[in-house]
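Below you'll find the structure, written out as structure tokens, and then a few comments.
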Amino acid sequence: MEQSTKALPGSFFFDDFHVSMVFDAAPVLITEIEIVEFAKKYDPQPFHIDSKAAANGHFGSIIASGFMTVAKAFTQFLELGLIKESSMGGWGIDELRWFKPVFPNDVLSTRIEVFDKKVSSKGFKRGTIRFKIIVRNQVNDKVLQFISNTIIRQRVDKKS
């Protein structure tokens, strides 16, 4: 059963995470200005940057780049502060899926679930936490989901 957890002060370390822990990030408003600015720099397709072309296109409006949506979700995750002191980077993203477009003025809510964890087999004081990141819009439609494979430091006993 899912158990929603609020972020505690300070960082969580590998041993603090347990499979099925759930964290909810603060919702974020997506604006047309940021959609266009991101897309001009990283994904310059007409349906991301040109309102006239987008109005006549498949979606009827400008939509956010899927990569912007991933970046927003990951930023929401990081802003929780859960891995601020314990993150050692990551080794990949699995099962990245975009389900619905994100439009200007959508409000995105990101849920982070501890999906799996595994201690490093190399003897280092770290392990991999697999975070399932699910993003929903203001009407609770799932717009994005992916699994972030994040290397997390184990808590080190100061006496050793």
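Key figures for this structure:
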{"quantity": "Å³ per residue enclosed by the Cα convex hull of the chain", "calculated": "125 Å³"}
{"quantity": "In Hz, Karplus ³J(HN,Hα) per residue of the stretch 35-42 (6.51, -1.76, 1.60; θ = phi - 60°; x = Gly, Pro)", "calculated": "4, 5, 4, 4, 5, 4, 8, 10"}
{"quantity": "At most 11 other Cβ within 10 Å, DSSP loop - trypsin sites (Lys or Arg not before Pro), the stretch 47-139", "calculated": "Lys122"}
{"quantity": "Magnitude of the charge dipole, the stretch 17-160, Cβ model with Lys/Arg +1 and Asp/Glu -1, debye to 20", "calculated": "900 debye"}
{"quantity": "Relative contact order [Cα under 8 Å, 6+ residues apart], the stretch 8-109, whole percent", "calculated": "43 percent"}
{"quantity": "Candidates per chymotrypsin sites (Phe, Trp or Tyr not before Pro) in the stretch 51-160, loop by DSSP, up to 16 other Cβ within 10 Å", "calculated": "Phe59, Phe99, Phe124"}
{"quantity": "Cα-based Kirkwood hydrodynamic radius, the stretch 82-160, one decimal, Å", "calculated": "14.2 Å"}
{"quantity": "Spin-label pair Asp15/Val139, simplified geometry with 7 Å Cα→Cβ offset, distance in nm", "calculated": "4.8 nm"}
{"quantity": "Net lengthening on full extension, Thr75/Asp94 (0.36 nm per residue, minus Cα-Cα)", "calculated": "5.1 nm"}
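Taken together, the values in this text are just the output of simple stated rules run on the coordinates, not laboratory data. Because the structure is a prediction, the values reported are computed rather than measured. Glycine gets a Cβ as well: all are built from the backbone with ideal geometry, and neighbour counts include every protein chain shown.
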